Amino acid sequence: MALDRVSRSARLLAVAALALAAAMGLSACAPLIAGGAVAGTVLVATDRRTSGAMVEDQGIEMRAASRLRAEIGNRGRVNVTSFNRRVLITGEVSTEADRALALRLVAGVENVLAVVDELAVMGSPSLTARAADLLVSARVRAGLIDAADLSSNAFLIVTERGTVYLLGRVTAREADRATEIARRTAGVQRVVRVFELITEAELARIAPAPAPANAASQPPAGN
């Protein structure tokens, strides 16, 4: 039990250190418009999308960022996170007109199926606030890693101004469990679910096969 607690603490510290290091890399000169990876996503790893879908999502984020940069420039900080062609837009712009423009630009990107609008009309947060969001994402990720009944790599986490956005292809059971973990996490003010729900049967089909037992641990034949 003591070893388990040490292991959990070590994971949390490692994830938090990663988040804080990323935050320290931000500066006033950093681009105000970027893809979702800058918006508080921590430990983005393999997930349940196909490799083709992941490449397509990266393309959507890049094309959207390019359009936003050209049309809005430094008038806002718009973050675009695409998951299976469903696009989450977070961040801030200074006017309602720019908000409408940003939504229109992203919705017009090729292959976008739907847009989840979480873009606010307000000033951009301070570096301290953005670092706090990264730390919240780290804590949520650590909670998902500690949950034995979840595959943490199935979830993408974005945090903006204390609001945690959870993305992924998950079952209703997994969605509820991850939401519960996020809501109990220190610093979380609100949880928004941007899930693509699948059935337990579909999960069983796409889940990786368990690793084979170590042959060296098996008793010799005939004993």
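The values are calculated or read from the model by the stated rules, or taken from the named source; none is laboratory data. Fair warning: this is a prediction, and the values are worked out from it, not measured in the lab. Methodologically, a virtual Cβ is constructed for each residue, glycine included, from the backbone with ideal geometry; neighbour enumeration extends over all protein chains shown.
Has region 161-173 got at least one residue that is more than 16 Å from the chain's Cα centre (by Cα) and within 30 Å of N74 (Cβ to Cβ)?
The first filter runs over region 161-173 and keeps only residues more than 16 Å from the chain's Cα centre (by Cα), leaving 171-173.
Among the residues that remain, those that are also within 30 Å of N74 (Cβ to Cβ) are: none.
Looking through region 161-173, none of the residues is more than 16 Å from the chain's Cα centre (by Cα) and within 30 Å of N74 (Cβ to Cβ).
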Worksheet, complete the sentence: Flagged pairs (Cβ under 6 angstrom, 6 or more apart or on separate chains; first in region 151-175, in contact (Cβ under 8 Å) with a residue 12 or more places away in the chain and within 30 Å of G123 (Cα to Cα); second buried (at least 24 other Cβ atoms within 10 Å of the Cβ) and among the polar types (S, T, N, Q)) are I157/S137; V158/T81; T159/S137; E160/T90
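Give L150, L134, L166, L144 a once-over and let me know the one that is under 24 Å from E56 (Cα atoms) and either in contact with a helix residue (DSSP H, G or I) (Cβ under 6 Å, 6 or more places away or on another chain) or modelled with pLDDT of 95 or more (or both). Explain how you work it out, then say what you get.
On the way: L150 fails: under 24 Å from E56 (Cα atoms); L134 fails: under 24 Å from E56 (Cα atoms); L144 fails: under 24 Å from E56 (Cα atoms).
Step by step, each of L150, L134, L166, L144 is checked, and only L166 is under 24 Å from E56 (Cα atoms) and either in contact with a helix residue (DSSP H, G or I) (Cβ under 6 Å, 6 or more places away or on another chain) or modelled with pLDDT of 95 or more (or both).
Filter region 68-89 down to residues that are part of a strand (DSSP E or B) and out of contact with any helix residue (DSSP H, G or I) (no Cβ under 8 Å at 6 or more places or on another chain) and give me whichever is surrounded by the most Cβ atoms within 10 Å (Cβ to Cβ).
Step one: list which residues in region 68-89 are part of a strand (DSSP E or B), which gives 76-83, 86-89.
Restricting the remaining residues to those that are out of contact with any helix residue (DSSP H, G or I) (no Cβ under 8 Å at 6 or more places or on another chain) gives 77, 86.
Details: R77: 25, R86: 18.
Taking the candidates together, the pick is R77.
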Discussion item. With the requirement that a residue be more than 18 Å from V188 (Cα to Cα) and either hydroxyl-bearing (S, T, Y) or out of contact with any strand residue (DSSP E or B) (no Cβ under 8 Å at 6 or more places or on another chain) (or both), what does region 102-126 give you?
Written reply: R104, L105, G108, E110, N111, S124
Discussion item. Can you say whether N111 is closer than 26 Å to A182 by Cα, in contact with a helix residue (DSSP H, G or I) (Cβ under 7 Å, 6 or more places away or on another chain) and either buried (at least 16 other Cβ atoms within 10 Å of the Cβ) or modelled with pLDDT of 95 or more (or both), as far as the supplied structure shows?
Written reply: no
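Regarding V121, is this residue buried (at least 21 other Cβ atoms within 10 Å of the Cβ), free of Cβ contacts under 8 Å to residues at least 60 places away in the same chain and within 20 Å of R161 (Cα to Cα)?
Details: buried (at least 21 other Cβ atoms within 10 Å of the Cβ): no; free of Cβ contacts under 8 Å to residues at least 60 places away in the same chain: yes; within 20 Å of R161 (Cα to Cα): yes.
In short, no.
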Practice prompt. Examine region 182-192 for a residue that is touching a residue at least 24 places away in the same chain (Cβ under 8 Å), in contact with an Asp or Glu (Cβ under 9 Å, 6 or more places away or on another chain) and closer than 21 Å to D57 by Cα, and state whether such a residue exists.
Written response: yes
Worksheet item: Just wondering, is there one or more residues in region 169-179 that are surrounded by 13 or more Cβ atoms within 10 Å (Cβ to Cβ), part of a strand (DSSP E or B), among the acidic types (D, E) and at pLDDT 95 or above?
Response: no
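Condition check: in contact with an Asp or Glu (Cβ under 8 Å, 6 or more places away or on another chain), farther than 25 Å from S94 by Cβ and either part of a strand (DSSP E or B) or without any contact (Cβ under 8 Å) to a residue 60 or more places away in the chain (or both). Does N111 satisfy that? So that I can check it myself, show each step before the final result.
Numbers: in contact with an Asp or Glu (Cβ under 8 Å, 6 or more places away or on another chain): yes; farther than 25 Å from S94 by Cβ: yes; either part of a strand (DSSP E or B) or without any contact (Cβ under 8 Å) to a residue 60 or more places away in the chain (or both): yes.
The answer is yes for N111.
Restricting to region 63-108, count the residues that are of a type in the set (V, I, T), out of contact with any Leu (no Cβ under 6 Å at 6 or more places or on another chain) and within 25 Å of A154 (Cβ to Cβ). It would help to see each step written out before you state the result.
Taking region 63-108 as the starting set, the residues that turn out to be of a type in the set (V, I, T) are 72, 78, 80-81, 87, 89-90, 93, 95, 106.
Now restrict to residues that are out of contact with any Leu (no Cβ under 6 Å at 6 or more places or on another chain): 72, 80, 87, 90, 93, 95, 106.
The next check asks that each one be within 25 Å of A154 (Cβ to Cβ); those that pass are 80, 87, 90, 106.
Residues that pass the stated criteria total 4.
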